[in-house]
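Written below as structure tokens is the structure these notes are about.
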Amino acid sequence: MDKGDPEARSTFEWQSVGRIRIDMFKRKAPERWRRLPWNKKTKFKNASMWWDLHLKYRKRLVLFQKFPEDEDDYQDVLDEIEEDNERRKEVRE
């Protein structure tokens, strides 16, 4: 595999308490993944969403590439942007 191949650049590292850290690189970057496995039927046991990070970057993700299932997030993001703009306006006054 060459260095440009995402599989060659992806790594994993075993950590304590049976955890594993996986760094995966995308074929086309920047791009947003809908889900980790390509197959919709595939489920990972004990895999979960890191909600703190998701909420931290949600605005950027949804504005960067919107999926049909993002409708609720998209409206929340628009509300957040409007609130941010109102706060900035108040600070300037």
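Whole-Hz ³J(HN,Hα) for each residue in the range 14-23, computed from phi via Karplus 6.51 cos²θ - 1.76 cosθ + 1.60 with θ = phi - 60°, x for glycine and proline: what do you get? Those phi angles translate into 6, 10, 5, 6, x, 8, 9, 9, 10, 10 Hz.
With one equal scatterer per alpha carbon and no solvent term, the Debye-computed log10 I(q)/I(0) for the range 49-93 at 0.15, 0.29 1/Å reads -0.44, -1.02.
Taking each residue as 0.36 nm, the span from LYS40 to ASP52 lengthens on full extension beyond its C-alpha to C-alpha distance by 1.9 nm. Candidate cross-link partners of LYS89 among the lysines, defined by an alpha-carbon separation under 30 Å and a same-chain spacing of 8 or more, comprise LYS56, LYS59, LYS66.
Per-peptide packing, taken as the mean over residues of other Cβ atoms within 10 Å, places 27-34, 75-82, 55-62 in the sequence 55-62, 75-82, 27-34 from highest down. Set against the labelled values [x] 80; [y] 167; [z] 120, volume of the Cα convex hull per residue in Å³ computed from this structure falls on [y].
Rule-based calculations on the coordinates, nothing more; no lab input. Here the structure is a predicted model, which means the values were calculated and not measured. Counting neighbours? That spans all protein chains shown, and the Cβs are built from the backbone with ideal geometry, glycine included.
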